[in-house]
Amino acid sequence: MHLLWDFDGTLINTYPSYTKCFKQVLTKTATENEIYRQLKKSFSHAIAYFQMTKEQEVEVRRLVDNMKPEEVEPFPGLEGVLQAAEVNVIMTHKDRKNVERILGYHGLTSYFKDMVTSDDQFPRKPDSSSYAYLHNKHQIDVAIGDREIDLLPAKELGIKTCSFQNKQADADFHISNYHAFLDTVKI
């Protein structure tokens, strides 16, 4: 199996920590539940939704960039799926330094053959350019993501999709945890 992974909310449970960063900047104007729901759409969507000033956006991005790797965790059962796959690659809008720092802290770096990050200057999802690049290099079988926007580029390229913890997303497979992955995702 050759797998393409989204990072935030798919490999690593970052949204609770991101929610805290937003809450710290927004103070009384939003609840944690509301922030979390908007972040699940996208980071930039949440910034627009809460009508954050440029200063607030800079501050929330600074807080996120300064999060310690121990503040976020890989999802349970993830490592078993990574071990079972022949090839794992990442496509994320997060910067490479922070992705590598978090993967390294959690001992996951060796599972990944390649990654595309914000540093690579590809257009943002749902544009399929970054997925096409990774697919051409690694012949991806399944793309895994927690949001519809993570799956749309794969669908455009004819790659099977797996929605993680999101039953509303249009996907070939749906899983709520990684312990079910190998029994559910069939190529």
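Would you mind finding the one in Ala30, Ala46 that is more than 18 Å from Asn177 (Cβ to Cβ), open to solvent by less than 10 Å² (accessible area, probe 1.4 Å), assigned to a helix (DSSP H, G or I) and free of Cβ contacts under 8 Å to residues at least 40 places away in the same chain? Show your work before the answer.
Values: Ala30 fails: assigned to a helix (DSSP H, G or I).
Unique residue meeting the criteria: Ala46.
Within the stretch 153-164, restricting attention to residues that are surrounded by 20 or more Cβ atoms within 10 Å (Cβ to Cβ) and aliphatic (A, V, I, L, M), which residue is nearest to the chain's Cα centre (by Cα)?
Keep residues of the stretch 153-164 that are surrounded by 20 or more Cβ atoms within 10 Å (Cβ to Cβ), which gives 153-154, 159, 161-164.
Restricting the remaining residues to those that are aliphatic (A, V, I, L, M) gives 154, 159.
Details: Ala154: 14, Ile159: 17 Å.
Once the filter is applied, the top-ranked residue is Ala154.
Going through Lys167, Lys125 one at a time, which residue ends up being more than 20 Å from Leu82 (Cβ to Cβ) and within 16 Å of the chain's Cα centre (by Cα)?
On the way: Lys167 fails: within 16 Å of the chain's Cα centre (by Cα).
None of the others qualify; the one that does is Lys125.
Keeping to the stretch 108-137, report how many residues are touching a strand residue (DSSP E or B) at 6+ places or on another chain (Cβ under 7 Å), crowded, with 18+ Cβ neighbours inside 10 Å and more than 18 Å from Ile12 (Cα to Cα).
Counting residues in the stretch 108-137 that are touching a strand residue (DSSP E or B) at 6+ places or on another chain (Cβ under 7 Å), crowded, with 18+ Cβ neighbours inside 10 Å and more than 18 Å from Ile12 (Cα to Cα) gives 4.
Checking Ala85 against (1) open to solvent by 20 Å² or more (accessible area, probe 1.4 Å); (2) of a type outside the set (Asp, Glu); (3) in contact (Cβ under 8 Å) with a residue 60 or more places away in the chain, which test does it fail?
(1)
Quick check on my filter: what residues within the stretch 67-107 are in a helix (DSSP H, G or I) and either among the basic types (Lys, Arg) or touching a strand residue (DSSP E or B) at 6+ places or on another chain (Cβ under 7 Å) (or both)? Explain how you work it out, then say what you get.
Residues of the stretch 67-107 that are in a helix (DSSP H, G or I), as a first pass: 69-71, 78-84, 96-105.
Hits for the stretch 67-107 are Leu82, Arg96, Lys97, Val99, Arg101, Ile102.
Does Ile140 meet the test of being β-branched (Val, Ile, Thr), crowded, with 17+ Cβ neighbours inside 10 Å, in contact (Cβ under 8 Å) with a residue 12 or more places away in the chain and under 19 Å from Gln83 (Cα atoms)? Steps first, answer last, please.
Details: β-branched (Val, Ile, Thr): yes; crowded, with 17+ Cβ neighbours inside 10 Å: yes; in contact (Cβ under 8 Å) with a residue 12 or more places away in the chain: yes; under 19 Å from Gln83 (Cα atoms): yes.
Spelling it out, Ile140 is indeed β-branched (Val, Ile, Thr), crowded, with 17+ Cβ neighbours inside 10 Å, in contact (Cβ under 8 Å) with a residue 12 or more places away in the chain and under 19 Å from Gln83 (Cα atoms).
Would you call Glu57 in a helix (DSSP H, G or I) and out of contact with any Leu (no Cβ under 9 Å at 6 or more places or on another chain)?
Values: in a helix (DSSP H, G or I): yes; out of contact with any Leu (no Cβ under 9 Å at 6 or more places or on another chain): yes.
Against the criterion (in a helix (DSSP H, G or I) and out of contact with any Leu (no Cβ under 9 Å at 6 or more places or on another chain)), Glu57 qualifies.
Got a number for residues in the stretch 1-27 being within 29 Å of Val116 (Cα to Cα), open to solvent by less than 20 Å² (accessible area, probe 1.4 Å) and aliphatic (A, V, I, L, M)?
Result for the stretch 1-27: 4.
Which condition from (1) within 17 Å of the chain's Cα centre (by Cα); (2) at pLDDT 95 or above is the one that Glu148 breaks?
Only one criterion in (1) within 17 Å of the chain's Cα centre (by Cα); (2) at pLDDT 95 or above is unmet by Glu148, namely (2).
Take the residues in the stretch 65-82 that are closer than 17 Å to Thr10 by Cα and hydrophobic (A, V, I, L, M, F, W, C), then tell me which one is most open to solvent (accessible area, probe 1.4 Å).
Phe75
The values are calculated or read from the model by the stated rules, or taken from the named source; none is laboratory data. Remember, predicted model here, so these are calculated numbers, not experimental data. Counting neighbours? That spans all protein chains shown, and the Cβs are built from the backbone with ideal geometry, glycine included. Ligands, DNA and RNA are excluded from the accessible area calculation, which covers all protein heavy atoms including side chains. Shrake-Rupley method; radii C 1.70, N 1.55, O 1.52, S 1.80 Å.
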